[in-house]
1. Please list, in chain and number order, the residues 5+ apart from Asp326 or on another chain whose amide H is under 5 Å from its amide H, with Hs placed from the backbone.
2. Which one of Met35, Met371, Met70 has the biggest mean-square fluctuation once the chain is modelled by GNM with Cα springs under 10 Å?
3. How much accessible area per residue does the chain have, counting only protein heavy atoms and a probe of 1.4 Å, in square angstrom?
4. Once amide H atoms are placed 1.01 Å from N in the peptide plane, what residues at a sequence separation of 5 or more from Thr139, or on another chain, have their amide H within under 5 Å of its amide H?
5. If ligands, DNA and RNA are left out, what is the accessible area of Lys268 with a 1.4 Å probe, given in Å² to the nearest 10?
6. Could you work out the longest stretch of the chain that avoids the GluC sites (Glu not before Pro) located in DSSP loops with at most 11 other Cβ atoms within 10 Å?
7. Scan around Gly68 for amide H atoms under 5 Å from its own, H built in the peptide plane at 1.01 Å from N, and keep only partners 5 or more places away or cross-chain.
8. Convert each backbone phi in the range 269-279 into a coupling constant with the Karplus relation 6.51 cos²θ - 1.76 cosθ + 1.60 (shift: θ = phi - 60°), then list the ³J(HN,Hα) values in order as whole Hz, x for Gly and Pro.
Amino acid sequence: MNKKFVFSMWTYNNISEFTPDEIETWVDLGMTVPMLPSTDIDRDDPSILIPWLDKAKELGVQVIVNYGGMGYDECRRLGSEKYEAKIKPLYDALGGHPAVHGFCIGDEPDNKDDLEASAEALRINKKLAPHLDPLLNYTGAIADFDNERLGGRDLSGWMRYAYEKSGAREICYDSYSQAVNDGGGKTAHLRATAKLVEAAKAADRSEIWGCLLSSAHHVYSPQTEVDYRWQIHTAAALGLRGVLWFRLYDRITAIGYYGSPIDEFGTKTEGYYGLRRCQRRFSAHYGEIFMRINHKKTFAVKSDRGVFPEFGPGCHDVIENIKANDETIISFFDGEDGYEYMCVVDSETRFYGMLEFYYDREKYALYDVTMNGASESLVRGENGSEISIIPAGLQLYKIVRK
């Protein structure tokens, strides 16, 4: 398992546009497993990546290698044997470098044949390098694919098939509807994420990443700092362990895409600094501890959006009730330290949340946890005393049974 909550990004720009020093920008932004710029297996010698990998090692991060021509579509076109022979030289040249997290092997398989090819590509890539983690990104719409499309399986059955067959750990999916400026978009995103997380848990997989939005296009709006905070915090609360952003750089050739953290002229935008604060702040307070707690159940207070059960009396053996003035997500986790944790996210982006927790303070205590567990503050006051939370803010509590 990764030791830190993953922050990564799609990097479509060709490697010739940068030097390895660009990794310093990614680390400054708070990326923990960044993706390298694009290269091509049929054109670029693997040796051009060695300076990049050495720089990543120097800066203490692993990277995802982004070679065009080694995706699942190539596996489908060539067949398993020829595909393996084609990609093996990349693994021979780069797979042993300590800065390699894995290779990207494709995006959004959305029909039965491509899905089957993606499972086979996962298997072959894990066969060649069992210690690495290939990146395969599904469309979020897979949450609603019918069984026929998934080869006669339901979603959890597909995950079990593809990931047990290959031995792969990480499941990634994309979802952008939360960037549509209406309530329905956020609801669709939360619903798809909840379905995918529950399917992954049923398939005994806990390493699930969301490919979320940082680049405006189509009907999707530019993201502000509070929007980034909402995306990161709801992802963590629902049980994700990584965020892969679409995308980091705007490009002069794609005029319909805009508002990315770095524009097509290489300028850091307002979005860069908002995302930087959100990622680095989350990593400082929660990036490690969220890798040590396991998601159990998510509830809602004030508004359930038709996705989560409403929290109320009888939902938890310690927390008797929760009252809130704003729409709030409440998730419970089991910690590797033997304690239970409660994650609270104000899922409103405009107003401060005010919450009241009701529990027997003679028998139980709540501790507000920050700095990845290095700081714990006892929640004091009378039963039901108010706790404030910033718009789209997250707070993590440890439940202690006395």
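The values are calculated or read from the model by the stated rules, or taken from the named source; none is laboratory data. Worth saying up front: this structure is predicted, and the values here are computed from it rather than measured. When we count neighbours, we look across all protein chains shown, and the Cβ atoms used for this are built from the backbone with ideal geometry, even at glycine. Surface accessibility is based on the protein's heavy atoms, side chains included, excluding ligands, DNA and RNA. Shrake-Rupley method; radii C 1.70, N 1.55, O 1.52, S 1.80 Å.
1. Those lying under 5 Å, H to H, from Asp326 are Met354.
2. Met371
3. I get 40 Å² per residue for this part.
4. Glu108, Asp174
5. 80 Å²
6. Details: sites that count: Glu148, Glu336, Glu362, Glu382.
Formally, the longest exposed-site-free interval is 149-335.
7. Residues meeting the amide H criterion: Thr39, Asp40, Ile41.
8. Karplus values, whole Hz, x for Gly and Pro: 8, 4, x, 4, 6, x, 5, 4, 4, 5, 5.
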